[in-house]
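The values are calculated or read from the model by the stated rules, or taken from the named source; none is laboratory data. Predicted model, so just to flag it, every value in this text is computed and none were measured. As a convention, Cβ positions derive from the backbone with ideal geometry for all residues, glycine included, and neighbour counts pool all protein chains shown. Remember, those area values only see protein heavy atoms, side chains included, never the ligands or the DNA or RNA. Shrake-Rupley method; radii C 1.70, N 1.55, O 1.52, S 1.80 Å.
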Amino acid sequence: PLRPIEGSDSAVLHLEHNVLHFPKSHSSYDAFYDRFRSLKSDDLASIHMLHIGGSHVQAGVFSNQMRSNLRAYTTKGEVGRGIIFPFSVMGTNGAKDIRCTSTGKWTKSRNIEQSPTSLLGLAGASVTTTDLSSSITFSQVPPFENLLLYGSSLVDTALVIPVLVVEGDTIYPPLASEEVGYEYLLPHPASEFTLAFVGDSCGSFALRGIIPEPYASGLMYTASGINGAAVPSWLRCTEFEQELSAVAPDLVLFAIGINDANVQSFSPDRFKENYRALIARIRRCNPDCTFLFITNNDCYLSLRRRRKTFNPNTVKVQKAFIELAEEYKSC
């Protein structure tokens, strides 16, 4: 909702409408609220939040602000970053709080493709190299002491193992199973590392994402977003459920809908059915997970010949979200 500034034709947001709405009750939130309050007093308490969406999530603006706000609610003043992905290797934008540089040649795959060329998971994207001299360096990462890497060697007859180079030391994963990911234990907390590879020169490796497990933090806020992603995009991620199970979320913030609504013929029933399929995958990771639906922001509907008009589907998406919230007793 917009209103004009007094004496001006400009408009500003109606901030009073920026609220949580509970269509039925907030009973599904009671357990989550109890656990969240315990973060202030219990060093062993832990909460994992997942924010999933499109371009606004890939850029990290919303999620970075949320992490900043949430620091005040933890005893240690830290919030885990959740999954990170080297979007710069794909030649696209990513969150600005973490820097990535790379060497070698990489190919990309994203969940917005009708037939992704690689397995995809929680991050919604992957980058693949056939050159084992390739590397990716991550810096400005919140201090971590353990790390979980999602990816796989693509040639069955050629073994490729991803290794971490931290302060000159090469760290191998004690567990190298494509079924559960690659785990790394660091001798001390770090905030920068390089991903490199060892193995058969004819091999290749596809990276699907990395989770640096936070040092001295009981709260993790994961942001999974891909430019242009709609709900079916995330249903194409065949490894999504398996990877999410390692960090089963207590609260999922759904912000997928604006790309679903950018069509002239929008079906609320199909939209809700796709959401039900995605929710079912998340519920299998944590049956007690709570959901929060973030309604679409105002947008234009693209027409032919570069024409745009007000998008009437925005209201339809909002209504569908309210109905889903009633169905799942969330907000």
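Find, among the trypsin sites (Lys or Arg not before Pro) in region 67-142, those assigned to loop by DSSP (not H, G, I, E, B) with at most 13 other beta-carbon atoms within 10 angstrom.
LYS96, LYS105
Taking 0.36 nm per residue of separation and subtracting the Cα-Cα distance, what length does fully extending GLN318 through ILE294 add?
This chain segment gains 7.8 nm when fully extended.
Output the peptides 196-203, 21-28 sorted from most to least packed, where packing is the average of other Cβ atoms within 10 Å over each peptide's residues.
Going by the mean number of other Cβ atoms within 10 Å, highest first, we get 196-203, 21-28.
Taking just the C-alpha trace of region 110-152, give me its Rg and Dmax in Å.
Reported Rg and Dmax, both Å: 13.2, 37.
What spacing in nm lies between the two simple spin-label points modelled at ARG99 and SER55, each 7 Å away from Cα in the Cβ direction?
Modelled inter-label distance: 2.7 nm.
Tell me the trypsin sites (Lys or Arg not before Pro) within region 281-320 that lie in a loop according to DSSP and have at most 16 other beta-carbon atoms within 10 Å.
ARG307
Leaving out same-chain residues fewer than 8 places away, which lysines sit with a Cα under 25 Å from that of LYS329?
Output for LYS329: LYS24, LYS272, LYS316, LYS319.
Please find the FRET efficiency linking SER245 to SER302, where r is the Cβ-Cβ separation and R0 is fixed at 25 Å, and quote it to the nearest 0.05.
E between SER245 and SER302, to the nearest 0.05, is 0.10.
Please check: in the Gaussian network model of the chain (C-alpha springs, under 10 Å), which one of ILE210, ILE112, ILE136 has the largest mean-square fluctuation.
ILE136
When the distances between all Cα atoms of the chain are binned every 10 Å from zero, what whole-number percent does each bin get?
Reading upward from the zero bin: 5, 24, 33, 23, 12, 3, 0, 0.
Could you give each residue of region 99-110 its phi-based ³J(HN,Hα) in whole Hz, using Karplus coefficients 6.51, -1.76, 1.60 with θ = phi - 60°, and x for Gly or Pro?
Once θ is set to phi - 60°, the couplings for region 99-110 become 9, 9, 10, 9, 10, x, 9, 9, 10, 10, 8, 9 Hz.
Taking 0.36 nm per residue of sequence separation and subtracting the Cα-Cα distance, how much length would be gained by fully extending the chain between SER133 and THR107, in nm to one decimal?
Separation in residues times 0.36 nm, less the Cα-Cα distance, equals 7.9 nm.
On the protein heavy atoms, probe 1.4 angstrom, tell me the percent of accessible surface of region 186-331 carried by carbon and sulfur.
47
Mind pulling the angle between the C-alpha long axis of helix 27-38 and the longest principal axis of the chain? Nearest 10 degrees, somewhere in 0 to 90.
Around 50 degrees separate the two axes.
Among ASP43, ASP34, ASP131, which one moves the most in a GNM of the chain with springs linking Cα atoms closer than 10 Å?
Taking springs between Cα atoms under 10 Å, the residue moving most is ASP34.
What is the angle, in °, between the Cα long axis of helix 268-285 and the longest principal axis of the Cα atoms in the chain? Nearest 10 is fine, range 0 to 90.
Here the helix axis deviates by roughly 40 degrees.
Which lysines, if any, have their Cα less than 22 Å from the Cα of LYS96, not counting same-chain residues under 8 positions apart?
LYS108
Using only Cα atoms and rounding to the nearest 10 degrees, what angle (0 to 90) does helix 313-328 make with the longest principal axis of the chain?
The answer is roughly 70 degrees.
When each pair of different Cα atoms in region 231-278 is counted once in the 1/r mean, what is the Kirkwood radius in angstroms, to one decimal?
About 12.2 Å, per the Kirkwood formula over Cα pairs.
Over the chain, average the accessible area per residue using a 1.4 Å probe and give it in Å², no decimals.
Computed with neighbouring chains in place, this is 50 Å² per residue.
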